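The numbers here are math on the coordinates, done by the rules we state, and not lab data. From a predicted model like this one, the values you see are computed outputs, not experimental measurements. Positions of Cβ are generated from backbone atoms using ideal geometry, with glycine treated the same way; all protein chains shown enter the neighbour counts.
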Amino acid sequence: MTDDLKELSDTAARAIAAADSPAALDAVRVDLLGKKGRLTELMKSLGALSADERKTRGQSLNVLKDQITARLDARKAELEGAELDRRLASESVDVTLPPRPERTGFIHPISQTVDEVVAILGDMGFTVAEGPDIEDDWYNFTALNIPPDHPARQEHDTFYLPGTRQSPGGSARVVLRTHTSPVQIRTMMAGKPPFRIIVPGRTYRCDSDATHSPMFHQVEGLVIDEATHMGHLKGCLVEFCRAYFGIDDLPVRFRASYFPFTEPSAEVDIGCTREGGGFRIGHGDDWLEILGCGMVNPKVLENCGIDPARYQGFAFGMGLERIAMLKYGIPDLRTFYESDLRWLRHYGFAAVQQPSLTGGLNP
Ligand code: 2NL
């Protein structure tokens with residue numbers, strides 16, 4: 001290679017190494033190999049040479065061109081790699097960042113309420129159990145000691161689906177569950193005591209007006225063990241009410257009641273003051289009913305194959321819409337199912353923080 005070509009090779013190498021961006025490198029390429037590039041011009045001047053000179057110089061120019069092209073390619077790959085590293089570093093997704101104010105998703109108050117109830121009762125040792133919405137009348141009524149002529153069993157009150165199926169009591173009619181209790185029946189039949197479960201879920205009744213929806217939600221709880229007594233029921237539910245409403249000294253009273261599946265049975269009221277058309281929860285001379293409970297009827301245990309001489313326990317049930325409306329001041333039951341985004345933005349919850357006793361039920 002002649003001196004002038006060696007010099008061009010060196011300048012080219014320096015210019016390529018000095019190019020610090022793909023654009024700068026492209027400018028170097030054009031300056032060397034473009035239509036009017038320095039190497040291109042040298043190629044053009046070959047025509048003026050003798051055949052012999054043209055051959056040797058032509059070979060040298062081709063070697064130089066290959067060398068420059070290789071250097072350009074290598075530098076290009078280097079710059080692109082660095083550029084990619086820069087982008088990966090600056091554009092990486094930080095999954096721990098809190099959501100921006102423009103977040104659009106909200107947790108529905110029913111889901112929030114389920115999460116809160118699960119956080120409180122989960123802390124006491126309950127686990128969540130689930131079961132089918134489509135049941136039969138043995139699991140939904142018979143096993144629960146609800147007599148054959150009970151009004152709740154009438155077509156008028158319960159959604160019956162076509163057909164029958166085989167169930168532990170023989171042939172049974174297919175129904176949409178009217179409470180979540182059949183899940184507790186299934187849990188007791190499938191396992192061995194002790195049981196400590198809560199069952200949140202959808203329930204269905206033929207009822208539709210300002211305060212009743214044909215589909216609504218319940219959460220029920222069940223504790224079965226060898227020495228479980230009414231003191232446990234009271235302690236558990238007083239603690240639950242106070243934690244759920246966030247009022248340490250919330251007045252709670254147990255009022256005798258009747259359910260076929262519990263004996264004795266009670267309804268639980270919390271203290272409130274009525275003022276104007278509404279009320280304030282926490283103190284005062286009035287009471288507001290919020291749940292039903294009782295000691296599980298021995299007949300129910302027997303129906304599930306559990307020896308009532310050895311095991312006993314308590315159960316409770318409440319409407320999720322009702323306790324959500326009371327806590328969050330939602331005035332109309334029907335709005336829960338209208339899927340109105342303005343309503344959800346108003347009553348919904350941020351989709352970040354799960355309710356917990358330590359982190360807060362509704363942070
Ligand atoms: C209410 C009252 C209640 C139960 C539900 C239950 C379940 C089994 C056995 C015994 Cl498997 N009891 N559940 C007990 C008492 C009350 O619900 O007012 N619910 C909205």
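A few notes on this one:
- Between SER90, SER265, SER213, the GNM of the chain built on Cα springs shorter than 10 angstrom shows SER90 fluctuating the most.
- Its residue count N sets the reference 2.2 N^0.38 Å, and the alpha-carbon radius of gyration of the chain equals 1.86 times that reference.
- Look at the alpha carbon pairs under 8 Å that are at least 6 residues apart: their mean separation over the length of the chain gives a relative contact order of 16 percent.
- The chain: most fluctuating residue of ASP307, ASP136, ASP85 per GNM, C-alpha cutoff 10 Å: ASP85
- Cα centroid separation - region 182-241 against region 109-151, whole Å: 5 Å
- √(5λ) per eigenvalue of the Cα gyration tensor, region 74-120, largest first, Å: 45, 11, 7
- Here the residues LEU46, LEU72, LEU222, ranked from fewest to most Cβ neighbours within 10 Å of their Cβ, fall in the order LEU46, LEU72, LEU222.
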